[in-house]
Amino acid sequence: MIRTALVEPELLTRLRLFEPYGITFHQDELNDESDEKTQRDYKRLADDIKTLERYQDTNLSKSQRLSKAILSYFLKQQSGIERYQYHNYPVNQLFGVQNNFPSFMDSSHLIENLEAAEDYITRLSKLKVKFSQVLDGLKKREQLGILPPTFVVERVLDEMQAFVDTPVRKNILYFSFKKKLAALADIPEKKKQSLLLEVEGEINSSVYQAYQLLIDYFTELKPRTNSDDGVWKFPDGERFYASMLRYHTTTTLTAEKIHTLGLTEVDRTQTEILTVMAQQGYDPSAGFQVLMRELHDDQQFYYEDSDAGRAQILSDYKTIIDEIEQGIAGSFNVKAKVSVDVKRIPVFKEKSAPGAYYNPPSMDGARQGTFYANLYDIKATPRSNMRTLAYHEAIPGHHFQIAVQQALKNVPTFRRLVPFTAYMEGWALYAERLAWEEGFQSDPYDNIGRLRAELFRAVRLVVDTGLHYKRWTRQQAIDYMASNTAMAASDVVAEVERYIVFPAQATAYKVGMMKILSLREHAKLSLGELFDLRDFHDVVLKNGAMPLTILEEQVENYILQKRQKAENAGVKNL
């Protein structure tokens with residue numbers, strides 16, 4: 001993992017592994033996006049797998065065997081998609097290279113001294129090389145018949161054109177630098193003005209020229225694209241999608257099984273919502289859609305559509321997080337030692353961004369975790385949804401889990417970093433339910449918000465497999481999601497378009513949550529009075545992210561050890 005990071009300067013900046021030791025060789029570099037570098041990575045990956053397999057389990061401690069199992073799964077997972085390395089869209093409306101770069105420079109490139117400020121400028125000067133390499137990859141995909149749907153081209157063109165049309169001093173790359181620079185008291189004002197002029201010049205030349213390369217390419221490409229949205233259209237598309245389901249869920253569930261599971265969970269969750277609404281005096285015979293529309297149109301659930309209203313949303317999110325951070329401690333033996341902030345998704349990309357996302361803290365603690373909320377459409381942030389979203393993205397969800405993982409002791413560094421989608425997203429969705437179980441959503445409308453969030457993840461199972469396995473159109477997917485969730489129209493469109501450019505990832509949430517819940521129930525039934533929720537959470541959290549198959553093994557070991565300890569102590573009737 002460290003060796004991988006060494007050739008990924010942007011990753012090193014995010015992690016801040018070396019900065020505490022004064023090592024900053026990477027801070028003026030951008031990632032190499034060339035095909036040659038990608039092939040070197042896959043060659044190194046194959047070598048790493050061979051090296052790992054030389055270690056015999058019999059010579060390893062229990063902890064080392066777990067480390068080996070997790071790393072082996074991760075490396076083989078990465079190696080397994082080598083044949084599909086071009087089956088993606090490096091420039092897309094969600095997390096494409098074109099919107100990642102400004103966000104990275106804003107949130108990850110800290111400016112703590114003059115050298116870091118100069119490194120920032122150097123990075124701007126190198127963007128054209130990076131984007132040129134991306135452009136070479138796009139042309140390679142075009143030769144293979146891998147083209148994005150027309151709507152993706154339209155979205156990224158609109159975004160990039162708006163970005164380069166922005167006056168430099170209003171560009172996020174400029175005002176973010178200016179804000180960070182202003183906080184440095186030891187740099188003379190004259191030098192600061194000189195640095196600002198340099199940033200302005202690099203944005204005008206290097207940065208905007210780099211974006212123009214992609215604008216020109218996609219403008220020329222657009223007439224050759226179409227509205228086929230699923231990855232079934234790719235060469236070997238069906239097998240590619242099956243591999244993505246295995247990759248993201250860390251299970252062997254087929255697309256058909258996931259689709260059916262989704263339909264079942266949609267029905268169950270809608271029924272639960274109608275039950276809660278009936279208890280509040282609504283008439284369930286009116287039907288799910290009608291009642292959801294009533295809630296959607298009820299102005300009591302919304303903030304003022306203004307800058308003040310949006311500022312209040314961010315403030316209320318912080319209050320919700322502070323409250324649960326204090327109140328949830330009794331459910332855990334561990335805690336997040338790094339704080340979490342709440343910010344608005346940058347305006348330049350919020351129109352096509354998801355409802356929220358989370359950026360983890362740096363490894364040295366210099367940069368806290370950040371929960372980004374999308375405030376583009378005020379109707380997409382009803383008060384009844386806010387608690388659930390905060391619990392998912394912050395505490396006890398993503399921030400809590402990742403902060404605990406980063407703080408693990410006596411494990412290889414990769415164990416503090418390695419991601420597994422089903423585990424991490426499954427935990428965050430489980431965290432939503434846990435908060436409700438612990439009494440943090442006592443308001444019935446907050447509970448409805450929680451259930452609607454769970455329904456949303458069940459709908460994802462149906463829509464993702466619908467698009468990529470059953471060959472639904474984008475509009476079919478939008479119609480299904482809209483009719484079964486009653487989400488804001490802007491959110492529905494953004495979500496469906498996310499699944500199109502990020503196949504299978506959205507299925508991991510519900511699959512992961514259901515696995516954690518089933519393991520918890522299994523532990524309860526097996527241990528009876530011996531079951532302790534805090535101990536169960538230790539098993540899930542204190543080994544870091546892992547495939548669901550290995551998580552199941554860890555829970556089984558925990559049950560066995562707990563029973564054996566009780567038997568040794570003379571406890572009977574187990």
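Sparsely packed loop sites in the stretch 140-176 (the chymotrypsin sites (Phe, Trp or Tyr not before Pro) outside DSSP H, G, I, E and B with at most 15 other Cβ atoms within 10 Å) do not occur. Exposed loop sites, defined as GluC sites (Glu not before Pro) outside DSSP H, G, I, E and B with at most 16 other Cβ atoms within 10 Å, are absent from the longest region of the chain, namely 113-303. Taking every DSSP beta bridge that has both ends in the chain, the antiparallel portion is near 45%. In a shell of Cβ-Cβ distance under 13 Å around Gly544, excluding Gly544 itself, what net charge do Lys and Arg (+1) and Asp and Glu (-1) give? Counting the neighbours of Gly544, the net charge comes to +3. If you average the alpha carbon positions of the stretch 15-31 and of the stretch 247-295, how far apart do those two centres end up, in angstrom? One Cα centre to the other: 47 Å. The stretch 172-228 and the stretch 444-483 have Cα centres lying 37 Å from one another. Modelled spin-label separation between Glu553 and Tyr55, with each label point placed 7 Å from Cα along the Cα-to-Cβ direction: 1.3 nm. Looking at the stretch 1-99, the trypsin sites (Lys or Arg not before Pro) that sit in a DSSP loop and have at most 13 other Cβ atoms within 10 Å of their own Cβ are Arg54.
Out of every Cα-Cα pair that the chain contains, those further apart than 40 angstrom amount to 26 percent. Annotation: average projected area of the stretch 268-457 is 11.9 square nanometres, based on the convex hull of Cα atoms across all directions. Per-residue ellipticity at 222 nm, computed for the chain from helices alone with -39500 (n - 2.57) per DSSP H run of at least four residues, works out to -20000 deg cm²/dmol. Cα centroid separation, the stretch 318-356 to the stretch 76-148: 27 Å.
Computed from the coordinates by the stated procedures, all read-outs in this text should not be read as laboratory data. The structure displayed is predicted, hence computed values, not measured ones. Please note: Cβ atoms are built from the backbone with ideal geometry, for glycine as well, and neighbour counts cover all protein chains shown.
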